[in-house]
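Just below is one structure, and these are the notes that go with it.
The values are calculated or read from the model by the stated rules, or taken from the named source; none is laboratory data. Since the structure is predicted, the reported quantities are computational estimates derived from the model, not experimental observations. We place every Cβ from the backbone using ideal geometry, glycine too, and count neighbours over all the protein chains shown.
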Amino acid sequence: MKNKFKIDHSSSIPLHTQAEELLRSLIKKEEYQNGKFLPNEVELSEQLNISRNTLRQAINKLVYEGLLVRKKRLGTWVSANKVISGANNWLSFSQEMKVLGIDVHNFELHLGWTRPSKEAAAFFNIKNDKRILKLERLRGKKDLPFVYFISEFNPKILLTGSENFNRPLYEILENDFNIIVKTSQEEISADVAGIFYAEKLEINPIDPILIRKRFVYDLNGVPVEYNIGYYRADSFTYSILCDRKLS
């Protein structure tokens with residue numbers, strides 16, 4: 001640690017930000033991925049010549065993102081590879097995977113024009129007989145599919161269906177259609193997998209799954225995408241940070 005990582009005290013980059021990036025690099029190392037505890041805060045702060053409060057600020061950020069786990073009297077270690085999503089700063093699936101250092105693998109991709117679901121029709125304020133583009137993808141790590149996505153798109157977006165949907169979806173919308181997504185209203189629920197999703201996710205039909213609905217808007221508050229993700233329950237954690245209102 002001493003020899004490979006340094007904090008530049010003369011840099012304009014805040015010390016806690018430098019410490020955060022250092023930790024991100026450190027926890028990618030195989031030894032820490034395999035469960036080794038990080039050096040304790042006293043040792044780390046001394047090596048980096050920063051205060052424990054500054055270091056703790058960096059650690060807290062990674063704990064909030066779900067990359068680190070910290071337990072009193074035990075220490076801090078790298079968390080298992082789960083999808084971690086927060087309520088205050090949502091990420092696309094590709095971004096979530098990038099944070100975890102996971103290469104996204106598409107196992108299945110289905111695309112077609114169909115009538116909207118009841119929820120999508122209401123969200124886009126269109127009639128049920130309007131044809132819209134529907135995208136279904138089975139995605140995950142190279143050796144493990146863990147989420148089945150269904151996306152329905154606002155017909156006002158001039159998607160043709162010929163786009164390369166192996167590219168990140170929001171990259172397509174931004175680069176090809178000048179649509180920047182900004183807001184996601186989400187609903188999380190749980191259910192048993194059932195036969196269809198159990199087969200896709202390689203689990204038993206009675207195993208639990210998490211269902212994540214997203215109502216996605218652009219910068220101007222225009223509905224863009226109605227998305228449902230069916231996750232293996234052992235692959236997804238939803239993180240919520242709440243501040244108590246003080247009188």
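When E186, E174, E225 are checked against the criterion of being in contact with a Lys or Arg (Cβ under 8 Å, 6 or more places away or on another chain) and modelled with pLDDT under 95, a single residue qualifies: E186.
Of everything in region 22-42 that is free of Cβ contacts under 8 Å to residues at least 40 places away in the same chain, loosely packed, with under 13 Cβ neighbours inside 10 Å and closer than 13 Å to G75 by Cα, the residue that is farthest from the chain's Cα centre (by Cα) is V42. Scanning region 140-167 for residues that are of a type in the set (D, E, K, R), over 21 Å from the mean Cα position of the chain (by Cα) and farther than 25 Å from A122 by Cα yields a single hit, E163.
The sole residue among K6, K2 that is at pLDDT 75 or above, part of a loop (DSSP other than H, G, I, E, B), charged (D, E, K, R) and more than 30 Å from G161 (Cα to Cα) is K6.
Scanning region 30-68 for residues that are at pLDDT below 80, part of a loop (DSSP other than H, G, I, E, B) and on the phi < 0 side of the Ramachandran plot yields N34, K36, E65, L67. A count restricted to region 150-181 and to residues that are closer than 25 Å to I211 by Cβ and surrounded by 14 or more Cβ atoms within 10 Å (Cβ to Cβ) stands at 15.
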